[in-house]
Amino acid sequence: MRTHSVSPAAVSQTNRQVVALSGCWTARGLGEHESDLVRSAAGAQALLTVDASGIEALDTAGAWVLHTLLAGSGDDGAGLSLQGLPAEFAELLESVRQHAVALAHEAVPAAVAVPSVLESTGRGAAGMVEQWLAMLSFIGESAHALANWLLHPSRIRWRAVLFNLRSAGFDALPIVGLLSFLLGVVVAYQGADQLRQYGANIFVADLVGLSMLREFAPLITAIIVAGRSGSAYAAQIGTMAVTEEIDAMRTLGLAPQELLVLPKVLALVIALPLLTVFADVMGILGGMLMAKTQLGVGFGEFLDRLVKAVSITSYLVGIGKAPVFAAIIVVVGCFQGFRTQGGADSVGRQTTRSVVQSIFLVIVADALFSVAFSLLEL
């Protein structure tokens with residue numbers, strides 16, 4: 001490198017066809033005037049030649065600016081040429097030019113082959129099978145942890161169970177009660193017009209009682225809990241997976257299923273039947289209120305007919321569905337939480353999947369219960 005004093009880079013036009021570069025074309029010599037130098041050189045009229053003999057020093061920053069000048073000024077197709085650049089500077093400029101070409105090729109995205117419909121279907125089916133197999137494996141691990149609990153009752157974490165019982169059960173009473181009450185109102189209101197036409201007002205108790213106690217109350221309660229508590233389970237465990245807290249548990253020899261899954265299962269298996277009973281009561285109250293206002297059926301008459309219309313078997317059928325729904329909600333929510341990878345976007349994605357899948361499986365299980373009870377004539 002030549003011995004020189006640091007003089008600022010400069011651009012001057014000697015005639016209409018030549019622009020001369022001088023000074024130190026280095027990071028220090030360019031300073032804050034890099035873009036001004038490029039604009040002044042590129043704006044020269046009828047520019048055909050760049051005289052670089054006056055350049056005293058050149059580093060990678062100056063070579064990059066010089067490359068930008070030559071590449072930008074040549075866009076119009078003019079035969080732009082560079083002359084007078086010392087050999088040691090020319091090698092650096094060529095190296096920068098090759099690097100710029102490589103970056104340009106990397107910036108152009110490669111053409112992505114669009115998969116065929118058959119390929120997309122196959123990949124989707126394979127992913128679905130993989131997810132169900134992973135869920136079966138998760139259920140097996142949780143069952144093994146449950147067996148350890150039963151063999152060693154001292155390992156049961158009652159504090160975590162009570163906390164989940166409060167958060168998933170007691171705290172859900174207001175929303176479950178409100179929606180069940182409104183659903184009872186809607187069922188009675190929709191049936192009122194039809195029953196009034198045939199003078200069968202009293203049978204509104206049959207309609208509300210059977211629909212709420214046997215089907216609507218356990219189903220709407222499970223859906224509310226899936227959206228409220230199932231999503232919370234997935235988000236909590238997913239956040240722990242992202243922050244590597246679950247890996248830390250395994251490193252310490254602690255079973256994540258015993259700490260995170262089983263307390264939630266036990267709490268919700270207890271809480272959901274109780275919430276279903278509460279939903280039954282609120283739904284019946286809503287139906288009674290609407291029967292009184294729309295059909296003139298008093299509360300006493302409604303309850304007398306309700307006792308005759310709804311058998312204890314129908315009532316227990318609705319209550320019996322709740323523990324199964326609870327197990328589905330907890331297993332799906334925790335499973336999707338454990339599958340979280342990456343960052344916060346993955347937590348949101350797995351939380352959404354947990355809600356969608358748990359509600360879907362709850363409805364499928366309810367349909368299977370209906371078919372089974374119909375075959376058993378219950």
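Key figures
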{"quantity": "The listed residue being surrounded by 14 or more Cβ atoms within 10 Å (Cβ to Cβ), touching a helix residue (DSSP H, G or I) at 6+ places or on another chain (Cβ under 6 Å), assigned by TED's automatic domain parsing to the domain that holds GLN294 and modelled with pLDDT of 90 or more, out of GLY191, GLY184, GLY169, GLY209", "calculated": "GLY184"}
{"quantity": "Selection count, the stretch 63-86, where residues are modelled with pLDDT of 75 or more and assigned to a helix (DSSP H, G or I)", "calculated": "6"}
{"quantity": "Conditions (1) surrounded by fewer than 18 Cβ atoms within 10 Å (Cβ to Cβ); (2) under 15 Å from ILE329 (Cβ atoms); (3) of a type in the set (Lys, Arg): number failed by LYS264", "calculated": "(1)"}
{"quantity": "One residue from GLY283, GLY287, GLY253 being of a type outside the set (Asp, Glu) and outside any helix (DSSP H, G or I)", "calculated": "GLY253"}
{"quantity": "Matching entry among GLY286, GLY320, GLY300 (being small (Gly, Ala, Ser) and either within 26 Å of GLN350 (Cα to Cα) or crowded, with 18+ Cβ neighbours inside 10 Å (or both))", "calculated": "GLY286"}
{"quantity": "Scan of the stretch 290-299 for residues that are part of a helix (DSSP H, G or I) and among the β-branched types (Val, Ile, Thr), ordered by number", "calculated": "THR293"}
{"quantity": "Among (1) farther than 30 Å from GLY54 by Cα; (2) modelled with pLDDT under 75; (3) of a type in the set (Ser, Thr, Tyr), the one test that SER116 misses", "calculated": "(2)"}
{"quantity": "Flag for THR340 being part of a helix (DSSP H, G or I), β-branched (Val, Ile, Thr), in contact (Cβ under 8 Å) with a residue 12 or more places away in the chain and assigned by TED's automatic domain parsing to the domain that holds ARG250", "calculated": "no"}
{"quantity": "Filtered residue count, the stretch 194-206, keeping only those that are among the aliphatic types (A, V, I, L, M) and surrounded by fewer than 22 Cβ atoms within 10 Å (Cβ to Cβ)", "calculated": "3"}
{"quantity": "Given (1) in contact with a Phe, Trp or Tyr (Cβ under 6 Å, 6 or more places away or on another chain); (2) surrounded by fewer than 24 Cβ atoms within 10 Å (Cβ to Cβ), index of the condition GLY333 fails", "calculated": "(2)"}
{"quantity": "Pairs with Cβ under 6 Å, 6+ apart, first in the stretch 263-275 and over 11 Å from LEU162 (Cβ atoms) and β-branched (Val, Ile, Thr), second surrounded by fewer than 24 Cβ atoms within 10 Å (Cβ to Cβ) and at pLDDT below 95", "calculated": "VAL269/PRO323"}
{"quantity": "Residue list for the stretch 43-58, filter: surrounded by 18 or more Cβ atoms within 10 Å (Cβ to Cβ), modelled with pLDDT of 70 or more and either in contact with a helix residue (DSSP H, G or I) (Cβ under 9 Å, 6 or more places away or on another chain) or among the polar types (S, T, N, Q) (or both)", "calculated": "VAL50, ALA52, ILE55, GLU56, ALA57, LEU58"}
{"quantity": "Filter result for the condition that a residue is farther than 30 Å from VAL307 by Cβ, in the same structural domain as ARG155 (by TED's automatic domain parsing), part of a helix (DSSP H, G or I) and in contact with a Leu (Cβ under 7 Å, 6 or more places away or on another chain), over ILE237, ILE220, ILE224, ILE246", "calculated": "ILE237"}
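Okay, residues lined up against (1) more than 32 Å from the chain's Cα centre (by Cα); (2) of a type in the set (A, V, I, L, M):
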residue: TYR233; (1), (2): no, no
residue: ILE246; (1), (2): no, yes
residue: PRO263; (1), (2): no, no
residue: ILE270; (1), (2): no, yes
residue: PRO273; (1), (2): no, no
residue: LEU285; (1), (2): yes, yes
residue: MET288; (1), (2): yes, yes
residue: GLY298; (1), (2): yes, no
residue: GLU301; (1), (2): yes, no
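The values are calculated or read from the model by the stated rules, or taken from the named source; none is laboratory data. Predicted model only: the values in this text are computed from it and were never measured. So basically every Cβ, Gly included, is an ideal-geometry build from the backbone, and we count neighbours across all protein chains shown.
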